Each structure stands twice: as structure tokens, then as C-alpha cells.
């Protein structure tokens, strides 16, 4: 499915962001990429769809080599790789619907996208996706009117609108509260399972990673130092990835954080049931935070 | 789930005006205005065609400027422009500071506020050139009238922006200074000056730049400076001298912008 | 002296002393520059005229009042011309300024080495030269009339709109652009979906702001023959018809106030 072969990236400043990363991701597999800041997680993800140009190695998607492509070919491949961003990266001044439809940009000619005259099939798909992520009524709102969790749902819908064969997900929960983070991760997981989509998720929160991914890859200073199922991720491995730290204490603190958020939601009485059922509780949570 | 939505139309909601009726009215009105406006522009195309030749000569003059033959006039005009710029900016800014403080609603009492706002409005309403015509009529030809014009315009410009800055300050800081029992001048000095000073300096440099550009214009109505020289050169169709003057103006403006960005970085 | 001011901050004392001296020296140089400029500037001033100014002012003031109200019949058509110069000139300026701004912005320019400096030079050249000077040049080239005024306003507006717009383009949120590019969008689509929505409010604000300024500027272009109400002003000044001058100024005042109000409304609506 996706294969990286000795991928390397060296920035002009001389920093080696990636030093020969090789790995394979199979159909339907959800891979969590963990590692300290500056380990090259973000670079790795962006090298796959070549938003960042790798300086060495090769990327294969379905045995098609991507690193030598350019222009129209590259865009044709990019449209099959959905990407979900840290801080959502929605076009804030466009409506939710326009943002979702922008997932079709690689498919439609310029005049269609310019006049917003998308093929009916694309519009149908967009409405269905908005319903799937629970934002059907918000289609004509501007993206900057939504709360964080809602925006990330739009980001997910935009990526799916591309009919992707692969999802690249960059810190999807970086600016969300613990509760919403879990909901977003659960949504991503469900969607990947529904479509047996492979996904590479860049994630800084080890607990979340353990909970929602099939396989964890630990990256340190541009090199893979761990590759295995979440169950094998013990303190020794964490120390190998992140350096020495009191992991037990950290995990307890993180768990307490998550509980705090749920307590806060509970304190809001009537909302808590709906929140627990996962029915767009972000607004309330955002109000609490 | 997906079948429920099938076939549903989507159109981008209108960006600005929601009601379709008013939208058509506004856009239609604008179109009609444009058609009317363009149709009432009378152009003597023959004259324009003849002018293309002169335009070409100007372009040549701009590329091969002649600094030498009118250097005496140019250098004197430039000296007048530059001195006018410096003196008027200094005097204008010095006068604008108290007026700007007086025009800030959060520090000045009502009567003073209205008085200072009136001065600002008076100074900002009329084009520098119109003001210059009056000052020339009163004070006679020459750079002194130009100096007064630019200083007058500087007051309105600087005082308005300073007043807005003071109104936008972080009130908590001023509050804290007031709580120490500070007097009014102390409040200005400790609570407000530090917050507005960097921008005040930046704006003064910007105004210096504007004043130089304006000083090249008011010479056309007799208020001294490089404008008079330029006017003469263009009247005599000496496009190479005119090109030289324009190039000098552009160079000085570029130098001013370049150095002011440095000063601004240094102040902050 | 500087030491006394530093009582509270002994650590910084030495360094600040030197700095304090530098500041004093700077002030001294500034004052000397000012005095020198003042001397140079007033070198050829005839002070008798200056001292006579209050009397002149009183004289002109008494001649200006009352305004000649009936003159307004002859001013309406020139006023229409003035508005057209400002509006059409602004449109012309915007049409040229938009591509120039995209060439000048660091993140959208196709060639930072060659095209960007050219675009920046166009912007600074247009900004440095006042519309009245452009009008002077154009009148001498293509003859007096509205067209010269429109082009003059347009040429001056390129620099203003271009500069503010390219700064707005450089300040956009790159992650939104990246997200659009990641969908496989072409260059034109990235522009349409990633960049234009972000700069549109700034663009509308800048354009209306410049239109407002251009209304003021176009009232005086007639002084050099480039059409509009300035022609009447010039004629009235030449014949010393001060009551007519007052009437013109009142009309200009009204127009400027209305245009300022409109521009404030529109800017409020788009942002």
C-alpha cells in the first residue's frame, strides 16, 4: 500500500530532519507516529504527499513511485491522499460546504471550482460526509464560526471528500480539550475501519495513541527507534524515544487531566448525557474551557 | 444516511448582501453608474495619439535623465524641499502631541476633547495644495508658506493617530499608575507614553516621508521646494530634467523608507 | 546627571551612562539639524510679508464672505467629473495593482530574483510621485481633460493599493494554503481557495480607503488642467473671485465628508 524506502530530508539550514526512514503500511492499518518535537514527524508526513520535498529515498503508493513526479501527475496523486491538519487549516472565510467541496479541487477543472458549480455527485458526497461527521445543519456557516472540534470534523470531511486511498493526519488533537480529542480520534478510527483506509497519524499524546492506533512508530532525531503494536510500548521504549522521564507519573497526570474534563462536563448537569452520547458536545466543552 | 442527501442542490450563499432584490439593485446601480461615468468622459483621441510621442520622450528622459543642465535649480529646489520637510515635521509633531492627548477621550475632559477634535478636523479636511494656496496668499511666495502648510497638515495627521492610539491603550496599566497617586503629567509619562511611544516615532518617520513627497507638490502653487523646478521643466517639455527630478524624489523616498524601517526596529 | 536618574537600577549603571550620553548627543545633533534647516529654509523669506500675514488673512477672509451661493449651478457638472475621475482612476489603479501585488509578495511571486524587485520598484515609484505631479506630466503629454486626471489618479493608486495588498498577502495563514494544496489543487485553484478568501476583506478595505483619498486628490487636479472642480477653483483664484472660492471649498468639504462616511460604512460592512 504505502511504502517508504530510505526516505531522507535535509533542510537548507543543514538540519537532518529524516535520516533514511523505511517502512510499509498495509491497507486499513492505522499507524501512530510518536516522538519528541523536532524528531521529524511533521516532515515525514509532508514528505509523503511532497508538501515538503524529500532530499533522498523513495515513496511508493500502490507501487507507484511519487518522488519523481511533478506538475499534473503529482496533483493527481495528491488528490488520492487525504490530509488532516493540526489547527484544522480550514479556509476560514469560506463556508463549511466550500471547505468540504475543496476536497474535489484536484478532480474538477478550474472554472467549476471558481464558479462553485461542482458535479452533483460531489455535492451529494459532501452532504453525506457532513452528516457522517454530525455537521449537516452547519453547511452554510462560515468555518470561523465553528468550535475547535467542529472545525476538525470539517477537516476530516474535506479529506474524505477527496476519495482518499490514504489519510495523513498531522496532530489532529493538538488544540482540542481531552474529551473532544477522544471523540475526534474515535471518529477517525471508525471512518478508517468503515473504508479500510490506511492512515498515518502524527500524535504527541502517547495515551491517545495507545488507545486508538494499531501500530506505533517511534521517531527520534529523524530515525525510527521503535515499530510495533501499542502493547509493546513500555517505559523502556518510551525512554528510548523521548529520553529519560518518570513515565508512570506522567501517565497518571494525563489520566487525571482527562478525568477532570469529564468531571467538568458532568458539572454541567443536563448536557452530560448528550455529551456522553457523543452528540456534538464541543460547543459546551469549548464554553467550559 | 447518504441516500437521504442525494440530489440535494448546493449553491454558495451570497457573500455580502443577503436579499436577492437589493443585491441586484446595488450591482445594477453600480453598473449603470459606471456606464454613465465612462460615457461622459470626453477624450480627444487625436490629441492623445499625438501625446504618445511625448510620452515616449518622457520615458527616454526617465531612462537617460539630465541632472546637469538645470543642476542649480534642482539643487536649490531640493534643499528647500528637504529643509521644509524637516522643520515642518518637527514643529508639526511637537504641536500634535498635546493636541493628540487632548483629543483622546479617555484622558481629556469633554470641552478640551471637542476643541482638539475640531482642530484635527479642520486640518484634515482640505488638501495640502488648497491650504498652500491660502498660505501663499497670506505669507507670500516661498518655502515659509510651504513650511506652514506641511506643519498644519502634520498636526491633523499625527494628532488623530496619536489620539486613537491613546484610546486603544491597555487601561489596566494606566489604572495602576493612577492608583499610585500619580498626577496627570505623571500618568501621561508613566501610564501612556511607554505604550504609545514606539508607534509615535514610527508615525513621525512616516509623516517625514509624506511631507517630503508633499513638498514636491506644493511648489506648483508657489510654496517653494522642488515642485516649482519640476513644474518649469515640464512646462518647457524638458523631460530629461523632469525625469532627473522624479528619479531624485523616488531615490530619496526609498532611502527614507529604508532608514525608517531600521530606526523603527531599533526603537522597539 | 545620568547617575542620579539611575538610582533604582545599579546593575545597569555603566552601560546606561554611556547610552545616556549617546542620547544627549543625539538630541543635540537633532536640535542643531533643525536650527540649520530653519536657517536655510527662511534664508530668503521676506519677513515683512510674514508680519503682514494677519492683515492679509483678515482681508481675504472678509472678501470670501458671504459665499456666492448661486455659483453652485456651474459646479454640479464639474463635481460629477471629479467623482468620475476618482472612481474610474481608482478602478484603473486597482486593476494594475492586483497583479503587481502578487508579483511583489514574497510568498506568491513567481521569481523572487527578477520579477519581485521590478514590482517593488513600480510600487515605490508610483508612491513617491503625487497624483498632481502625474497629472502635470500627463496634461503636458496628452493634453488637458478628464483622461489625464483619471490616469494620474490610477498611476498614484497602484503604489498605495499594491503596497498594502502585498503586505496583506505576505501575512496570510500559510497552513490554509498548504491544506488546499494537499487536496491536489492546481495553482489557480490554490489562489482561488487558499489565498483570495484570506485577503478579500483587506482588499476591499484598501480599495475603498484609496477611493476616499482619491476623491480629495481629484478636487485639485484641475489646478493643472486635469479636469474636475479644480478647474473652477483655478479660474476663480485667477480672477480673485473669492466668494466663488468659498462656494467651491464648501462643496469640496461636503463631498469629502460624504465620501468619508461612505468609505467608513463600506469598510465596516466588509470586515
Calculate, for residue A:15 and residue C:70, the FRET efficiency according to 1/(1 + (r/R0)^6) with r their C-beta to C-beta distance and R0 60 Å; round to the nearest 0.05. 0.15
Estimated distance in nm for a label pair at residue B:105 and residue C:62, the labels positioned 7 Å out from Cα along Cα-to-Cβ: 4.3
Per DSSP H run of at least 4 residues, take -39500 (n - 2.57); add these up for chain B, divide by its residues and hand me the 222 nm value, nearest 500 deg cm²/dmol. -25500 deg cm²/dmol
Which of rounded, prolate, oblate describes chain C, given a ≥ b ≥ c as roots of the alpha-carbon gyration tensor eigenvalues and a/c under 1.5 marking rounded, otherwise prolate only if a/b is larger than b/c? oblate
Assuming R0 = 30 Å, what is the FRET efficiency of residue B:72 and residue B:255, from their Cβ-Cβ distance, to the nearest 0.05? 0.85
Please work out the C-alpha center-to-center distance from region C:128-189 to region C:211-257 and express it in whole Å. 27
Neighbouring Cβ atoms within 10 Å as the yardstick, rank C:80, A:111 fewest first. A:111, C:80
Extending each Cα 7 Å along its Cβ direction at residue C:27 and residue C:77, get the distance between those two points in nm, one decimal. 6.2
Report the Cα centroid-to-centroid distance between region B:1-79 and region B:228-257 in angstrom, as an integer. 25
With label points set 7 Å from each Cα along the Cα-to-Cβ direction at residue B:22 and residue C:55, the distance between them in nm comes to 6.0
Can you give the average number of partner chain beta-carbon atoms within 10 Å of each beta-carbon in peptide C:32-44, as a whole number? 6
Can you sort B:126, B:144, C:121, B:184 from fewest to most other Cβ atoms within 10 Å of each residue's own Cβ? B:184, C:121, B:126, B:144
Helix-only mean residue ellipticity at 222 nm for chain C, each DSSP H run of n ≥ 4 adding -39500 (n - 2.57), per residue, nearest 500: -25500 deg cm²/dmol
Which residue, B:88, B:19, B:215, tops the fluctuation ranking in a GNM of chain B built on C-alpha contacts under 10 Å? B:19
Quick check on region B:60-267: take the gyration tensor over C-alpha atoms, sort the square-rooted eigenvalues as a ≥ b ≥ c, and tell me if it's rounded (a/c under 1.5), prolate or oblate. prolate
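Rule-based calculations on the coordinates, nothing more; no lab input. If you're wondering where the values come from, they're calculated on a predicted model, not measured in any experiment. In this analysis, Cβ positions are derived from the backbone assuming ideal geometry, glycine residues included, and neighbour counts consider all displayed protein chains.
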